[in-house]
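Here the structure is laid out as structure tokens; the discussion comes afterwards.
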Amino acid sequence: MFKRELKYYYKSFLLWTIVLIVLFALVFLLYSTFIISDNIDSINELMKVFPEDVLKMFNLDISRIDTAFGWMETEGFIFILLITGVYSAILGCNILTKEEDDKTIEYLHSLPIKRNNIVISKVLVGILYVISMIIILGISNFICLSILEEFDKKTFIILSLTPILSNIVIFTVSLFISTFTHKSKKVLPISLAIVFFSYILVTIAELSDKVNFVKYFSVYTLADTRGVIKSGSINNYCIIISILLTIVFVILALINYNKKELV
């Protein structure tokens with residue numbers, strides 16, 4: 001079952017990963033030609049115009065964008081969080097319901113396979129592909145940056161791993177929601193809404209201390225890039241909470257899938 005699922009989603013995983021690698025490689029190439037001394041001075045002057053709260057939203061108060069690595073610390077990892085988050089949401093929506101979409105669920109249940117084994121196999125494949133995409137993209141970006149400039153390699157490696165904490169939760173939440181329906185199309189808008197609404201909450205939280213509490217309702221609080229830039233390490237609580245939430249939603253998915261009437 002595990003090998004079957006691994007093979008089924010291999011092409012989409014490869015396509016998403018290659019597109020991301022090429023996209024960031026092009027950004028690095030263009031960025032190195034764009035950032036020259038005159039532009040740097042103009043950018044630094046422009047940064048002085050923005051309010052401090054706006055700068056905090058993009059980590060511009062603790063990072064500079066006059067290097068490719070500086071761009072990664074500010075906007076780059078935001079793009080990675082959102083794009084890989086979308087992939088995780090889509091994968092979570094489809095990985096269980098595709099059997100019902102493709103009308104292969106009856107065949108699966110004609111085999112001596114328990115429902116729990118079906119869910120666990122799909123969870124393992126999904127988590128493997130989510131983690132693999134982030135690691136492969138991180139390695140590619142590391143190589144590109146190494147060619148272009150000197151940068152803080154330890155911080156970059158830790159930053160590259162932080163999306164894992166939010167994305168495995170996004171995947172398992174989407175998987176759990178999919179157990180309530182027979183069609184992935186019904187789940188996809190909800191899962192994508194979770195991705196983008198979570199990012200909006202994190203953004204709003206940086207605007208004022210009065211609304212800072214809303215970040216605790218966002219899955220992207222687990223991928224604390226700002227904290228990594230400032231401390232050089234991942235918050236252990238984020239790791240623990242990410243693992244616990246993943247386990248909880250997998251258990252909930254198992255419970256609900258066993259009660260579900262399959263078509």
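The slack between ILE139 and THR181, meaning 0.36 nm per residue of separation minus the straight C-alpha distance, is 11.4 nm. Take the Cα of ILE241, step 7 Å toward its Cβ, do the same at TYR216, and the gap between the two points is 0.8 nm. Ordered by the count of other Cβ atoms within 10 Å of each Cβ, fewest first, LYS186, LYS154 give LYS154, LYS186. Counting every other Cβ atom within 10 Å of each residue's Cβ, ASP152, ASP209, ASP66 order from fewest to most as ASP209, ASP152, ASP66. Maximal additional length on extending the ASN256-SER12 stretch stands at 85.1 nm, based on 0.36 nm per residue less the C-alpha distance.
Applying the Karplus relation 6.51 cos²θ - 1.76 cosθ + 1.60 with θ = phi - 60° to the range 11-23 yields 3J(HN,Hα) values of 5, 5, 4, 5, 5, 4, 5, 5, 4, 5, 4, 5, 4 Hz, where x marks Gly and Pro. Summing +1 for each Lys or Arg and -1 for each Asp or Glu among the other residues whose beta-carbon sits under 14 angstrom from that of VAL250 gives +2.
Every number in this text was worked out from the coordinates using simple rules, so none of it is lab data. Keep in mind that this is a model prediction, so the values were computed, not measured. Ideal geometry is used to build each Cβ from the backbone, glycine not excepted, and the neighbour counts take in all protein chains shown.
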